[in-house]
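See below for the structure under consideration.
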Amino acid sequence: MAIRIAVLLGLLGVPAQDPKPEIVDAGALKCEIHISRTAHLFHVVDQLAEWSPFCHKQYGRHFGGKDGLGITEADRGMLARHTSVRVERGWGGGLEQTFYSPLDLEGAIKAGLDAGHLTAEQASIEREVFA
C-alpha cells in the first residue's frame, strides 16, 4: 500500500516545492511525503474562508489576533470567491484532488482541469484567489 502525503510545511523555511518525494518504507506501509506549497496554500485559504461549519476558526483568529495582521475587506472578497467555488464542489468534489498535490499551482490547476475536477471559470477564480 502506498500513501501520498502532501506535507503542509510552507511556513517552516523548507523549499516551496520539492519535486522529489521522501519515501518512508515501514514494511507493509510505504509513504511518499511531498513538500507542497500548493497544498499548504489551498488548505489555509480553505480554512480562512470558513465555508463550512467544520472549518477551523483558529486560522481566522490568528490573522485577526494580537499580531495585528488582520483580514481586510479585499481579503474577505477573495475568500468569498473561493467559497463560491467550494460550495459548488463541496468536500471531496474536486478541490482536494486538485490542490492536495505535489505540483506547483499552475500544474495542479492544469491537472484539475484535465481530470474534470474544475471548470475553466473555477480554475480562473482559484488562480486569482491564491495569487
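List of remarks:
- Condition met for Leu29 (hydrophobic (A, V, I, L, M, F, W, C), loosely packed, with under 11 Cβ neighbours inside 10 Å and touching a residue at least 24 places away in the same chain (Cβ under 8 Å)): yes
- Subset of the range 32-61 [in contact (Cβ under 8 Å) with a residue 12 or more places away in the chain, farther than 17 Å from Val85 by Cα and either among the charged types (D, E, K, R) or touching a Lys or Arg at 6+ places or on another chain (Cβ under 8 Å) (or both)]: Glu32, His34, Arg37
- Only one entry in Val85, Val129 is without any contact (Cβ under 8 Å) to a residue 60 or more places away in the chain, touching a helix residue (DSSP H, G or I) at 6+ places or on another chain (Cβ under 9 Å) and closer than 20 Å to Ser36 by Cβ, namely Val85.
- Among residues of the range 1-43, those that are at pLDDT 85 or above and assigned to a loop (DSSP other than H, G, I, E, B), counted: 2
- Which numbered condition Arg61 misses (of (1) farther than 22 Å from Ser36 by Cα; (2) not in a helix (DSSP H, G or I)): (2)
Conditions (1) on the phi < 0 side of the Ramachandran plot; (2) outside any loop (DSSP other than H, G, I, E, B); (3) surrounded by 15 or more Cβ atoms within 10 Å (Cβ to Cβ); (4) of a type in the set (Phe, Trp, Tyr), marked per residue:
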position: Val45; (1), (2), (3), (4): yes, yes, yes, no
position: Phe54; (1), (2), (3), (4): yes, no, no, yes
position: Ala74; (1), (2), (3), (4): yes, yes, no, no
position: Gly77; (1), (2), (3), (4): yes, yes, no, no
position: Val129; (1), (2), (3), (4): yes, yes, yes, no
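The values are calculated or read from the model by the stated rules, or taken from the named source; none is laboratory data. Computed from a prediction, not measured in an experiment: that's the story for all the values here. In this analysis, Cβ positions are derived from the backbone assuming ideal geometry, glycine residues included, and neighbour counts consider all displayed protein chains.
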